[in-house]
Structures are given as C-alpha cells and as structure tokens.
Amino acid sequence: MLRFETAGESHGECLVATVSGLPAGIPISVDAVNRELWRRQQGYGRGGRMKIETDRAEIVAGVRHSRTIGSPVAIIVRNKDWENWTDVLPVEDLDGAEDKRKPVTRPRPGHADLAGAIKYNFHDARYILERASARETTARVAVGAMAKALLSEFGIQVLSHVIAVGSVRLDRAATWDELIALSRRDDVLLGCVEPAVEARMKDVVDEVYRTGDTVGGVFEVVARGVPPGLGSHTTWDARLDGRIAQAIVSIQAVKGVEVGFAAEGAASFGSKVQDSIHYDREGQRFTRGANRAGGIEGGMSNGQDILVRGLLKPISTLRRPLESVDLATREPALAAYERSDVAVVPAAGVIGEAMVAIVLAQAFLDKFGGDSVGETRRNYDGYLEQVKSF
Ligand code: EPS
C-alpha cells in the first residue's frame, strides 16, 4: 500500500515528507523533483514569500544510486525564511521567548484561523495558520513527483492547466501537446494555453493588485495513459472518482471539484451526456464517442483521459482586510495581514497534478502490487494481455 505523510510549518525549519510502499527500482531524478517544486512556486500573483524561497528537495532515505530501494523515502525541503522566524517560533520556550512572539489575534474570514483556534484552544491563531498555510503543499508536490516517477514507468502522465481566473475563462478544450508545452515553459504567467485569454487573466490579477483584493479560479488536471480498471465500483471508498475528489478538495482554498463535465451534465439530458460505446474491429478495442465522463465510470478508470477540475476560492488574506473580531478583546477589528499571494491558480494546478498522481499511483499499486518494479511490470503486462484478448 502506498502511503505518505507530511509535517512542517510555513515558517518552521523545514517541510518533511515520508512515502512508503513504493516498489524498488523506480528511477528517481532529484532534478525532476526540483522542477516540480519550481513549477509550484510560479505564476503571476504570487506574494513576497516566493522571492525568498527556492524550494529544493533533499532526499535523505529510500533512494540509492538514483532508484528507490523499497524502504520508505524521506524528503526534506528547507524553509529559507526560517532564519527570520527562529525567535518567533522556537522549538524550546527559553527565557524571553514570550516577548518575541507574533501572535495573530484577528482571524481572517475564510482561513483556518478561527475554527482552528477554537478547536485547539489557542488564543493565538499563529499555531493554526502555520500548518494550515498552503506552504505545506510543497511536501505534497515532492511526494507527487515520486508518484509521477512510478506512473511514468507505465506510460501514465499527469499534467494541468488553468481554465479560469475570476470570471475570465478558456472556452475550449486544451490539447495534450499544449499541456506538455505548458509544463516545459520556463516563464509561467497564468498557466493558460491560450495567450489571448491568459492576457485577460493577467488583467484580472492586475485589478486585484490595485484594489487590495484576491481572486480564485479553476484548474484542470489531465491524466493520460491510465489503463481501464483502476478503482472499483464494489465499495464506496474504492471508487476512483471519490478518492480523487477528496485529494483535490484537500488542497488549500479548493472548495469544489468536478470530474469530467459534471456541471454541464447536471444541466443537460441523459441522451446528451453519456459517452456512446463503439468497437474498432481492426484495433480490437472499444472506443468512445466523447469523454464527458472524464475517464471514470462506476468509480473505475475506463481508459480515456482522466479529467478533473478544482474550483479555487480567492485567497483569504487580503491587503484590504475584512471584518473580524479580536480574539483577546472580542471587539470588532480588521483581519490580520502580513503579506499574501493574490492569485494562485497555476500553483494549485501543479498541486492538483501531485494529488491526482498520488491517488493514481495508489490505485495502480492496489491493483498490480509488486515489491520491485519488475514484479509490478509483470503483473501489469499480464493484465494488459487480458484486456487485449477480452
Ligand atoms: C505559501 C507560502 C506562504 C503564503 C501562501 C502559500 O508564505 P507566507 O505566509 O510566508 O507569505 O505565500 O500561504 C497562503 C496562501 C496562506 O493562506 O497561508 C506557499 O509556499 O505556497
């Protein structure tokens, strides 16, 4: 079973991830992991923190001579900003530490601050926001890079693009080649495949910069090369769409998820929404009239591209803060502001890729198992034979 955990606070010493259950023999490139971390940091609308950090993975266990060895993989990403926070968030409460705290007592509407402070019984939301921050997703993206390395051994790739920023929306499907080109860009604006639409998205971000506001949007993750049969219809928690939905909504600021053309489908008719089934006798395979289901039927992959969208609310830290209440005085007060991103949709897309890759890798290993990549491959090849001769 493929499992992972992360630890680390936004302004703590480092972010940490451990991953267990990866078969031995998967090629791992530290450069490839760092490229994913770099991609997560990009996009027009990110805040001052991204100028401080250059995220780099240190793989300290589980990989030797550029391959996994079957033992847990452990990854550290250091926070450069930590040196500015050693007095504020020390591990040990030494003399005088009290005066150096930067308590957050004016919770931000929309952030974890208030619910977390009540739940963990802190009158300082600092301890909550430090972990609730999307900085935590750095560790998830590093884990996602491991999952991608496994999947790519079996011809499965996971990419993303931005469909909407605020009300500006791409009104056509992106091609796979466009997504590949996007993932190779060394200059990321807003992660949209259509330059004219991307320019209008930038105008929206410029507007929120001007007004002290923030803006959300929609990203789409596409997985290509997924065989039919990952996930299962047999139990609720084995359903691939349900597992992917949880993974996407677990990303900070994501409030909604769509598999395939769910919203359009809900407003349409059965005769218009289902993907008709055909058979190609020469190729000896089933084909489909469309992919409105987003590659998943009955909780199982059906062999088409998996299409998943994440709907992101605007970031909840505003330069022009919203109404709140001071936790200490209970008097009305404006919400706390230190610094923030104003738009993070392309970064959320990269995190979405990581989460989808992790769920697909888990479902893949649930089905094909294997302690070494060779064993996984034998199992996988045997299944592909079965599918071919079905
Ligand atoms: C983030 C780092 C954070 C924020 C952002 C995500 O850095 P800092 O709090 O030091 O500015 O930029 O966090 C949030 C959006 C949030 O609400 O906490 C990152 O690495 O992605």
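The values are calculated or read from the model by the stated rules, or taken from the named source; none is laboratory data. What you see is a predicted model; the values in this text were computed from it and never measured. Neighbour counts are summed over all protein chains in view; Cβ atoms, including those assigned to glycine, are modelled from backbone coordinates with ideal geometry. Only protein heavy atoms, including side chains, enter the accessible area calculation; ligands, DNA and RNA are left aside. Shrake-Rupley method; radii C 1.70, N 1.55, O 1.52, S 1.80 Å.
Observations, loosely collected:
- Residue match in the range 341-364 (condition: open to solvent by less than 80 Å² (accessible area, probe 1.4 Å), more than 16 Å from the ligand (Cβ to nearest atom) and more than 30 Å from ALA262 (Cα to Cα)): no
- Residue match in the range 179-199 (condition: open to solvent by 50 Å² or more (accessible area, probe 1.4 Å), within 28 Å of TRP38 (Cβ to Cβ) and in contact with a strand residue (DSSP E or B) (Cβ under 8 Å, 6 or more places away or on another chain)): no
- Helices (runs of 4 or more DSSP H) enclosed by the range 22-118 - at least 1 residues per element that are away from the ligand (no atom under 16 Å from the Cβ) and under 30 Å from GLY216 (Cβ atoms): 30-41
- Selection count, the range 254-269, where residues are more than 30 Å from the chain's Cα centre (by Cα) and open to solvent by less than 50 Å² (accessible area, probe 1.4 Å): 0
- Every listed requirement among (1) open to solvent by 50 Å² or more (accessible area, probe 1.4 Å); (2) under 24 Å from SER160 (Cα atoms) is met by GLY295 save one, (1).
- Subset of the range 119-155 [within 15 Å of the ligand (Cβ to nearest atom), open to solvent by 10 Å² or more (accessible area, probe 1.4 Å) and in contact with a Phe, Trp or Tyr (Cβ under 9 Å, 6 or more places away or on another chain)]: TYR127, ILE128, ARG140
- Residue check for ILE180: over 28 Å from VAL63 (Cα atoms), part of a helix (DSSP H, G or I) and either within 16 Å of the ligand (Cβ to nearest atom) or aliphatic (A, V, I, L, M) (or both): no
- Filter pass, VAL259 being of a type in the set (A, V, I, L, M, F, W, C), away from the ligand (no atom under 16 Å from the Cβ) and without any contact (Cβ under 8 Å) to a residue 40 or more places away in the chain: no
- The residues listed here are ILE251, ILE244; of these, the one that is out of contact with any Phe, Trp or Tyr (no Cβ under 8 Å at 6 or more places or on another chain), open to solvent by less than 50 Å² (accessible area, probe 1.4 Å) and within 16 Å of the ligand (Cβ to nearest atom) is ILE251.
- Considering the range 1-21, and only residues there that are assigned to a loop (DSSP other than H, G, I, E, B) and open to solvent by less than 40 Å² (accessible area, probe 1.4 Å), the residue that is farthest from LEU318 (Cα to Cα) turns out to be GLY21.
- The lone exception for GLY48 - which of (1) of a type in the set (Gly, Ala, Ser); (2) surrounded by fewer than 16 Cβ atoms within 10 Å (Cβ to Cβ); (3) more than 15 Å from SER133 (Cβ to Cβ) it fails: (3)
- Counted as qualifying within the range 185-284 are the strands (runs of 3 or more DSSP E) with 2 or more residues that are at pLDDT 95 or above, farther than 23 Å from VAL168 by Cβ and not basic (Lys, Arg), namely 277-280.
- Members of the range 309-334 that are in a loop (DSSP other than H, G, I, E, B) and open to solvent by less than 70 Å² (accessible area, probe 1.4 Å): LYS313, PRO314, ILE315, SER316, THR317, LEU318, PRO321, ASP326, LEU327
- Scanning the range 60-75 for residues that are within 19 Å of ASN34 (Cβ to Cβ), β-branched (Val, Ile, Thr) and open to solvent by 70 Å² or more (accessible area, probe 1.4 Å) gives a single hit, VAL60.
- VAL165 being open to solvent by less than 10 Å² (accessible area, probe 1.4 Å), in contact with a helix residue (DSSP H, G or I) (Cβ under 6 Å, 6 or more places away or on another chain) and within 14 Å of the ligand (Cβ to nearest atom): no
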